[in-house]
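The values are calculated or read from the model by the stated rules, or taken from the named source; none is laboratory data. All values derive from a computational prediction rather than experimental measurement. Don't worry about glycine lacking a Cβ; one is built from the backbone with ideal geometry, like all the others, and counts go over all protein chains shown. Each accessible area value is taken on the protein alone, full model and side chains, heavy atoms only, with ligands, DNA and RNA left out. Shrake-Rupley method; radii C 1.70, N 1.55, O 1.52, S 1.80 Å.
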Amino acid sequence: MMEYYNFKEGLNSKGKLMTLDQLSKFQKDPNKDYYISIYKYNEEQKKRVEKSGTVSGIRDVTTDILVWDFDSANNPDDARKDVINLAHRLVEKYNIDPDSIQCYYSGSKGFHVVLYLGNQQVTPDEFKKATTVIADGLKTFDAVVSDPARVIRLEYTKHPKTGLF
């Protein structure tokens with residue numbers, strides 16, 4: 001079964017559902033910002049998106065990653081400290097292999113943490129519950145990424161405002 005991701009060239013562009021193979025051929029300009037959905041779409045959902053022009057309202061999606069977004073406009077170092085705290089929790093409390101965790105600067109006021117779940121798939125509700133419980137008490141955590149229509153900037157692509165990668 002084919003899996004599709006919502007891909008955008010620029011945050012305000014119209015999304016396009018693509019496979020990861022298609023995505024690697026489409027992403028050409030290193031000076032642009034590119035975004036990808038956290039969740040995967042199937043063939044039936046792709047047809048719905050082609051008809052309606054939007055992924056809005058599609059909730060029966062899954063993902064094999066958990067993503068935490070930490071932001072602090074006033075002090076990005078607060079976000080950095082929360083990321084370190086989260087990483088320690090994942091390793092020490094949840095016995096997560098550190099090699100399954102990816103942390104990177106978002107290019108503006110915070111950081112993303114991505115946890116690869118291997119073959120395990122989670123729904124948006126399971127995603128939100130897991131990320132919220134694990135990040136409990138971390139003040140710079142932003143739970144908005146759990147929205148099924150949400151996209152995140154691909155790592156190593158240029159941030160549109162700061163110009164940072």
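Out of ASP64, ASP82, which single residue is surrounded by 14 or more Cβ atoms within 10 Å (Cβ to Cβ), within 15 Å of the chain's Cα centre (by Cα) and of a type in the set (D, E, K, R)?
Values: ASP82 fails: within 15 Å of the chain's Cα centre (by Cα).
Sole residue among the options that is surrounded by 14 or more Cβ atoms within 10 Å (Cβ to Cβ), within 15 Å of the chain's Cα centre (by Cα) and of a type in the set (D, E, K, R): ASP64.
So the check is Cβ under 7 Å with 6+ separation or different chains; which pairs have a first residue in region 1-22 that's open to solvent by less than 70 Å² (accessible area, probe 1.4 Å) and a second one that's small (Gly, Ala, Ser)?
Cβ pairs passing all conditions: TYR5/SER37; ASN6/GLY15; ASN6/SER37; PHE7/GLY15; LYS8/GLY15.
If you check SER52, SER24, which single one turns out to be over 18 Å from the mean Cα position of the chain (by Cα) and either within 30 Å of TYR94 (Cα to Cα) or among the hydroxyl-bearing types (Ser, Thr, Tyr) (or both)?
From the options SER52, SER24, the qualifying one is SER52.
If I filter region 99-106 for residues that are out of contact with any strand residue (DSSP E or B) (no Cβ under 7 Å at 6 or more places or on another chain) and open to solvent by 50 Å² or more (accessible area, probe 1.4 Å), do I get at least one hit?
First, the residues of region 99-106 that are out of contact with any strand residue (DSSP E or B) (no Cβ under 7 Å at 6 or more places or on another chain): 99.
From the residues that got through so far, the ones that are open to solvent by 50 Å² or more (accessible area, probe 1.4 Å) too are 99.
Yes: region 99-106 contains one or more residues that are out of contact with any strand residue (DSSP E or B) (no Cβ under 7 Å at 6 or more places or on another chain) and open to solvent by 50 Å² or more (accessible area, probe 1.4 Å).
Name the residues in region 98-125 that are free of Cβ contacts under 8 Å to residues at least 60 places away in the same chain and aliphatic (A, V, I, L, M), would you?
Matches in region 98-125: ILE101, VAL113, VAL114, LEU115, LEU117.
Filter region 116-127 for residues that are in contact with a strand residue (DSSP E or B) (Cβ under 8 Å, 6 or more places away or on another chain) and either polar (S, T, N, Q) or not in a helix (DSSP H, G or I) (or both); which is nearest to LYS32 (Cα to Cα)?
Quick first cut of region 116-127, residues in contact with a strand residue (DSSP E or B) (Cβ under 8 Å, 6 or more places away or on another chain) only: 116-117, 121-124, 127.
Now drop any that are not either polar (S, T, N, Q) or not in a helix (DSSP H, G or I) (or both), which leaves 116-117, 121-123.
Working: TYR116: 26, LEU117: 29, GLN121: 30, VAL122: 30, THR123: 30 Å.
The qualifying residue nearest to LYS32 (Cα to Cα) is TYR116.
When you scan region 32-43, do you find a residue that is farther than 13 Å from TYR5 by Cα, modelled with pLDDT under 95, crowded, with 19+ Cβ neighbours inside 10 Å and within 17 Å of the chain's Cα centre (by Cα), even just one?
Yes: one or more hits.
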